[in-house]
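S.K.: Dropping the structure in here first, questions after.
Here, each number is a calculation from the coordinates, and none is a lab measurement. For clarity, every value in this text was computed on a predicted model and none was experimentally measured. Cβ placement follows ideal geometry from the backbone for every residue including glycine, while neighbour counts extend to all protein chains displayed.
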Amino acid sequence: MATDPLAGITVLDLTNVLAGPFACHQLAHLGADVIKVEAVGRGDLARNLGADPDLSARNMGISFLAQNAGKRSLTLNLKDRRGKEALRRLVRRADVLVENFRPGVMDRLGLGYDVLKAENPALIYCAISGFGQTGPWAARPAYDQIVQGVSGVMSVTGNADGTPTRVGYPLADTVGGLTAAMTICAALNATPRGAFIDVPMVDAVLATMGWVVSNHLIGGVTPERQGNENPTSAPSGAFQCADGLLNIAANKDEQWHLLARHLGRTDLLTTPDFATREDRKRNRLRLHAELETVLTTRPAEAWADELNAIGVPAGAVMSVPDILAHPQVTSRDLLARFIDTPGVDRPIDVMRIGALIDGARPSVASSPPALGADSDAILHDLGYTSDEIATLRAEGVT
C-alpha cells in the first residue's frame, strides 16, 4: 500500500529514551517491522518516565507509550554470549539496526559495525549519539538540554533582556531522530545496500539552524535572543490581544499595508520610521506598541480570522490541549487511539507521523508492547526450540 512504503523492511531498535525510539517510530509507521531489543528486566528507560507515576511503575511510562506503538519487544542480555548470538541471528535477517549508546559501547560488547557487517554486508547500521563517533566530545554523555545548550539553540531562545532558554520540548532528540529516519530511508534506496550512518544530535540541530548560522557565517552578525520578534522582518512577532497573544507575520510590504489599513492605522504608513522593511526592523518595538493599541481591543482568534481573510498571516498562540482539540487536528487523523494496551488500564491516544501519503495517514495496528512481549515468538522464528527458549529465560538471557 502507498502508506506502507517500508513494508518488508526489518529494523532492529536497540535504542533508549527518545532520539532512537523516535527514529524507529517513524519507520514503524511507514510499514517497517520494528523489533525493539531491550535489556532483560528493565527495558527502555522511557518505560519509567512520564507524567503518570503509576504507569511508570508498571514499565509502561507515558514517555514509552508516546513512540513505541507498532513495535515488537524482545529482551536480550547482550553481555551474555547467547544473547549476542541471538542478536547476530537477527542481524542476518535484518535490513537496519539503530542504536544510541555512547560511541564504543557496541564495540566493547563485541557487536560493533564491523562484526555485524560480517554477518550481513547489506546491513544499514545507524548510530545516534550526542556528538558523533569522532571528535573531542565524542565520549561525552548527551541529553537533549545539553545539546540545546552547546548547539547555540538556547543562546537564541528567550527574551533579549533575559537568560538563554531551552525550547519547551526535546528539540535535539526529536531532530536527531528525524535526521536518522531520513538518512536510513535514503540508505535503503541505495544499491548495493550497506552503510554505517553516524548521526550526532548536535550536527542534526545545527543543520536545521541554516538562517541563524548563515547570518553569522555570511552576514557577520552574531545571533542573539529576539524573544517573540522575527529578526528578519517587522511587524512580525507575537502581539498582545484582549485575551492572549497573536502571531502576525506581515513579512511583505503589501502585507504590512493591508495590516495597517485593517487596523485603522494608515497613519503608520506615512511615518518615515516605518517606511521600509529595514526602517521597521530598526524601530520594531515602537511599531509593536502602536499596533497593540488596536489589537488589545479584541480577542486573538477574531483578529486571526479577519487578518487571514485579507491575506495577512496570523494565528493565535494556543495551548497544547487547545490545538489537539481543534478540528484542524481532529479532522486529519493525526492521533491514534489504542483500547487495549498491556499494563495500561485505559485507552491511550498517541501521535502518528506528521505526513499523509496519497491522502492517508501512515499508521500502525498494534499498541506499544509490554516488555519482552514478543520474545518467544521472535526467538522461535530465529530457530530456537521451546526448550532452548525456556533455558534462556530461566538463565536471564531473555
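S.K.: Please identify the helices of the chain, taking whole runs of DSSP H, that span at least 18 Å along their own axis as judged from the Cα atoms and have a mean Kyte-Doolittle score of 1.0 or higher.
M.R.: Taking the DSSP H segments of the chain (at least 18 Å long, mean hydropathy at least 1.0), we get 171-188.
S.K.: Follow-up question, since we're still on this one. Counting Lys and Arg as +1 and Asp and Glu as -1, what is the net charge of the other residues whose Cβ lies under 12 Å from the Cβ of Thr183?
M.R.: Once positives and negatives cancel, what remains is -2.
S.K.: Using a simple charge model, +1 on the beta-carbon of Lys and Arg, -1 on the beta-carbon of Asp and Glu, nothing else, what dipole does segment 262-398 show about its Cα centre, in debye to the nearest 20? Please report the intermediate quantities before stating the final value.
M.R.: Values: 14 positive and 21 negative charges, 185 e Å.
Here the size comes out at about 880 debye.
S.K.: While we're on this one: Considering only DSSP states other than H, G, I, E and B, which trypsin sites (Lys or Arg not before Pro) in segment 290-389 qualify as loop sites with at most 14 other Cβ atoms within 10 Å? Each step should come with its number before you reach the end.
M.R.: Numbers: sites: Arg332, Arg337, Arg352; in loops: Arg332, Arg352.
Loop-located and lightly packed - Arg332.
S.K.: Can I ask one more? Projecting each Cα onto the charge dipole of the chain (Lys/Arg +1, Asp/Glu -1 at the beta carbon, about the Cα centre), which of Leu206, Pro369, Ala302 comes out farthest on the positive side?
M.R.: Leu206
S.K.: Calculate the FRET efficiency for Ala394 and Asp54 from the Cβ-Cβ distance with a Förster distance of 25 Å, rounded to the nearest 0.05.
M.R.: 0.25
S.K.: Can you compute the label reach from Glu306? Point 7 Å from Cα along the Cβ direction, backbone N cut-off under 12 Å, restricted to segment 238-266.
M.R.: 242, 259-265
S.K.: Charges on Cβ only, +1 for Lys and Arg, -1 for Asp and Glu, centred on the Cα centroid of segment 183-334; of Ala325, Thr191, Ile248, which one is farthest towards the dipole's positive end?
M.R.: Thr191
S.K.: Could you put Val212, Val167 in order, starting from the residue whose Cβ has the fewest other Cβ atoms within 10 Å?
M.R.: Values: Val212 18, Val167 15.
Listing Val212, Val167 from fewest to most nearby Cβ atoms yields Val167, Val212.
S.K.: Shifting gears a bit: In debye, nearest 20, what is the charge dipole magnitude of segment 155-313 about its Cα centre with +1 on Lys and Arg Cβ and -1 on Asp and Glu Cβ, if you could check?
M.R.: Result for segment 155-313 is approximately 220 debye, rounded to the nearest 20.
S.K.: Only Lys, Arg, Asp and Glu count, each charged at its Cβ (+1, +1, -1, -1), so figure out the dipole size of segment 236-317 about its Cα centre, rounded to 20 debye.
M.R.: Its charge dipole is roughly 260 debye.
S.K.: A further question on this structure: What's the local net charge at Leu382, with K and R +1, D and E -1, over the other residues with C-beta under 15 Å away?
M.R.: Numbers: positive: Arg72, Arg82, Lys84, Arg88, Arg89, Arg92, Arg93, Arg393; negative: Asp33, Glu85, Glu119, Asp374, Asp376, Asp381, Asp387, Glu388.
The answer is 0.
S.K.: Another one. Over the alpha-carbon set of segment 236-317, work out the extent along each principal axis and list the three values in angstrom, largest first.
M.R.: Principal-axis extents of the Cα atoms in segment 236-317, largest first: 31, 21, 19 Å.
S.K.: Cα convex hull of segment 280-368: mean projected area in nm², to one decimal? Don't skip to the end; give the middle numbers.
M.R.: On the way: hull surface 39.0 nm².
Mean projected area of the Cα convex hull: 9.7 nm².
S.K.: Now for a different question. For the chain, what is the calculated [θ] at 222 nm in deg cm²/dmol (nearest 500), taking -39500 (n - 2.57) for each run of four or more DSSP H residues and dividing by its residue count?
M.R.: Mean residue ellipticity, 222 nm, calculated: -10000 deg cm²/dmol.
S.K.: What is the Cα centroid distance between segment 312-377 and segment 1-54, reported in whole angstrom?
M.R.: Cα centroid to Cα centroid, the span is 15 Å.
S.K.: Here's another thing I want to ask about it. If each residue of separation counts as 0.36 nm, what is the full-extension length gain between Ser386 and Thr191 once their alpha-carbon separation is subtracted?
M.R.: 66.4 nm
S.K.: Any idea what the alpha-carbon Rg over 2.2 N^0.38 Å comes to for the chain?
M.R.: On the way: Rg = 25.2 Å, N = 398, 2.2 N^0.38 = 21.4 Å.
The chain yields a ratio of 1.18.
S.K.: How high is the FRET efficiency from Arg81 to Ile323, r the C-beta distance, R0 56 Å, rounded to 0.05?
M.R.: Working: r = 50 Å, r/R0 = 0.90.
Efficiency computed from Cβ-Cβ geometry: 0.65.
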